[in-house]
Amino acid sequence: MATFLYRIGRWAFRRRRPVGAVWLGVLVLAGVAAAVAPSGQEEELAMPGTESQQAFDLLDERFPESNSQGAEARLVFRAPDGQRVTARENRAAVEDALGTLNGGRQVASATDPYGTGAVSEDGTIAYSTVTYTVDAVDLTGPAKSALEDAADRARDAGLTVEIGGSALESEEEPGGTTEIIGVAVAAVVLVLTLGSLVAAGLSLLTAFLGVATAFGLVSALAVPLGLTSTVAILALMLGLAVGIDYALFITSRFRDERARGHGPEEAAGRAVGTAGSAVVFAGATVVIALAGLGVVGIPELTKMGLGGAGAVALAVLVALTLVPALFGFFGRRVLSRSARRAARRGDGHPHPVPGTPGRAGLGVRWARFVLRRPVAVLVVAVLGLGAVALPALSLELGLPGDESKSVHTTERRAYDLLSQGFGPGFNGPLTVVVDLSGTEDARAATDRVAEAVREVDGVASVGDPVFDRAEDTAVLTAVPRTAPNSGETKDLVQTIRDTVPGAGAGTDTDVLVTGTTALNIDISEAMSDALLPYLSVVIGLAVLLLTVVFRSLLVPVKAALGFLLSVGAAFGVLVAVFQWGWAADLIGIEQTGPVMSLMPILVIGIVFGLAMDYEVFLLSRMREAHVHGASPGEAVVSGFRHSGRVVAAAAVIMISVFAGFIGMSSLTIQTMGVGLASAVAFDAFVVRMAIAPAVLALLGHRAWWLPRILNRVLPNVDIEGGALDGRVPAPATGPADAVIPRLPVGRD
């Protein structure tokens, strides 16, 4: 691999103009495709194979004239203080507003609150359910405007009106102040690390090109593939983070090779052949982990995984081709100012071989500190991460609803009004579907089911049954006494499923519980069940891949255990912030609740690949020094001397990018930003820079041991670029490409 990538790096350097033109053309085509494509819209989560999804499918089959998962809105009316919505003038205002909706385009019906009993006991709050003939994703702008206009008519009459339901749900738009701050921090870190505005700009430029291309492709494919805004934002988040990091790793190695005395083209080839090999491996692990999310069985999660994997794959291609091409365009300006001054003076110093002492920077001093006290560092780091991970034992999964939105949104205010007027469970009704196929007395069987549901502890009320035309299916609406995301409601759903089907008393009646609340519960349970198997697969994959890369057994086991610690600590942070409310005000979380059910698996999939990034870039230099004869301690110091600063900078950049998304209004994106930023911080600075060197110091030479049979069987991927050691550096081609005097590695 190193030799193949070496050739790609030299080819891209020589053919920099065609390479740059091709990538510019790809960017333009992606932008044009996104501009002319229709905009995608949000889709409801689905979980094939669950009872709730089976019930939805049955409803679509038996009630073809309706849409079981169609768009729905609730217009909630509250009378002015001291008045009732049943007063003549208020009732007239409500009926006038609803009259503008009935018969409207895409509107199936708008219920009359006075005819359906949808008025609170104190008479201050009423609601109308507006159903549509299409899904929320297909609801047109005029249909949404008509709903808002109806609300405005009632407001003009003095009523308080809020709109809940799925009809007005909007996509989360990328971009904002916090994201800009995150990118600005990344730019500052790049300048401080590389000591060159050009080198920092190169990393940002290539990352932006890859992200813009990925974002354009996701936008262009949004409608045909059903990609949502969350897929686009995940692609943006991951593409930006890994794109900057991958360019940074290759740029840093290019400068290192130039300091060794290689000409520009040779240095570009060697940088891609060595650091590029690590980029390919790290990117491949991210892609595999994200693509593996498809095994969970949730279409939306599969799309998120594939969208993120595509953005990472683009970032790898850009790093391997466009980055070395830009080396050719920018020339010596990629180097630090001190290296350029040394070139003009013509002075230099002998280049130290791997593992020999050089300038003792912060990374080297830290490595030596860990080598002197490996047990103490290991104990403190493990106990610290363990303490942070303790809240994860209380992890509860769920899907956010209107109750998690800001109080400034009409959906949240509608939720609060309905809870106030009709009880907390009213916002999460359960749909009980009774399949009466083969039942002789359908209505009697339905009555028995309804009575059995009413007798279940925790059910506030059960509505009258609605039959299809053939009377082989009945639908009951059961309102729980507790809120949709509460543990009591989850237990209630399970109780109905366990006890009510027996109410058929010898009939062939089949009872299914569905609705948004039940579907959310089913998805959360499925995600909980899939968490350990998916984690086992990821850990197994990590051990296998790292065994191939480092040709060691103990190093991969250490890396996998460290990954578990960092992920556990990240879960602890999610629980503390989003369930317990610690520091929730700082990031604008107004309502605590269960952690979004998609997050744990998503964090595992993403952080797995990113953790392998730091493991590979840091330990590959250690193994390189070990192979060249350095002692175990010297190899650790060499790894920190060559890669410690760059890995730390890469981690800070990635944390900044992820943290930049915490300020968005979407709870999903906020949770993702907090989880990924904390996981990267724990993994990079605690696991890879504290636990890893401490364990290597304790293991000594045993760290790099591999049984002979595995040594013969496993392929040699040569991620350190050993095959390039025998190559003769290409001669310099002119003054602009003059060979840089040899400088100690790690010195700017």
- [ ] Scan the range 87-110 and report the pairs whose first residue is at positive phi and whose second residue is in a helix (DSSP H, G or I), with Cβ atoms within less than 7 Å and a gap of 6+ or a chain change.
- [x] Gln106/Ala143
Open item on the list: Out of the residues in the range 566-607 meeting the condition of being aliphatic (A, V, I, L, M) and over 19 Å from Ser528 (Cα atoms), tell me which one is surrounded by the fewest Cβ atoms within 10 Å (Cβ to Cβ).
Closed with: Leu586
TODO: Quick one: count up the residues across the range 549-605 that are under 20 Å from Phe281 (Cβ atoms) and among the hydroxyl-bearing types (Ser, Thr, Tyr).
DONE: 2
Open item on the list: Out of everything in the range 487-525 that is crowded, with 22+ Cβ neighbours inside 10 Å and part of a loop (DSSP other than H, G, I, E, B), what residue ends up being modelled with the highest pLDDT?
Closed with: Gly515
Open item on the list: It is to be established whether one or more residues within the range 279-287 are modelled with pLDDT under 85 and under 16 Å from Val603 (Cβ atoms).
Closed with: yes
- [ ] Those residues that are surrounded by fewer than 20 Cβ atoms within 10 Å (Cβ to Cβ), in contact with a helix residue (DSSP H, G or I) (Cβ under 7 Å, 6 or more places away or on another chain) and either in a helix (DSSP H, G or I) or outside the structural domain of Ala584 (by TED's automatic domain parsing) (or both), I need them from the range 392-404; list them, please.
- [x] Ala392, Ser394, Glu403
Task: Test: Ala460 is in contact (Cβ under 8 Å) with a residue 40 or more places away in the chain and not β-branched (Val, Ile, Thr) - done: no
TODO: Looking for whichever is at pLDDT 85 or above, among the polar types (S, T, N, Q), more than 30 Å from Gly331 (Cα to Cα) and in contact with a Pro (Cβ under 7 Å, 6 or more places away or on another chain) here; the options are Ser128, Ser145, Ser120. Which one fits?
DONE: Ser128
TODO: Go through the range 589-626 and count every residue that is touching a Pro at 6+ places or on another chain (Cβ under 8 Å) and in a helix (DSSP H, G or I).
DONE: 4
Open item on the list: Condition (residue is within 17 Å of Ala309 (Cβ to Cβ), touching a helix residue (DSSP H, G or I) at 6+ places or on another chain (Cβ under 7 Å), among the hydrophobic types (A, V, I, L, M, F, W, C) and crowded, with 24+ Cβ neighbours inside 10 Å) applied to the range 222-232: is it met by at least one residue?
Closed with: yes
Task: Test for Ser552: is it under 29 Å from Arg621 (Cβ atoms) and not assigned by TED's automatic domain parsing to the domain that holds Val479 - done: yes
Task: Within the range 294-328, tally of residues that are on the phi < 0 side of the Ramachandran plot and either not in a helix (DSSP H, G or I) or not assigned by TED's automatic domain parsing to the domain that holds Arg16 (or both) - done: 1
Open item on the list: On the basis of being surrounded by 15 or more Cβ atoms within 10 Å (Cβ to Cβ) and at pLDDT below 60, does Gly358 make the cut?
Closed with: yes
Task: Unmet criterion (only one of (1) within 13 Å of Ala143 (Cα to Cα); (2) under 39 Å from the mean Cα position of the chain (by Cα)) for Asn102 - done: (2)
Open item on the list: Please verify whether Ala367 is surrounded by 15 or more Cβ atoms within 10 Å (Cβ to Cβ) and touching a strand residue (DSSP E or B) at 6+ places or on another chain (Cβ under 8 Å), treating the condition exactly as stated.
Closed with: no
Open item on the list: Regarding the range 556-572, can at least one residue be identified that is in a loop (DSSP other than H, G, I, E, B) and either of a type outside the set (D, E, K, R) or more than 21 Å from the chain's Cα centre (by Cα) (or both)?
Closed with: no
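The values are calculated or read from the model by the stated rules, or taken from the named source; none is laboratory data. This structure is a prediction, so every number in the text was calculated from the model and none was measured. A quick note on method: Cβ atoms are made from the backbone with ideal geometry, for glycine too, and the neighbour counts reach across all protein chains shown.
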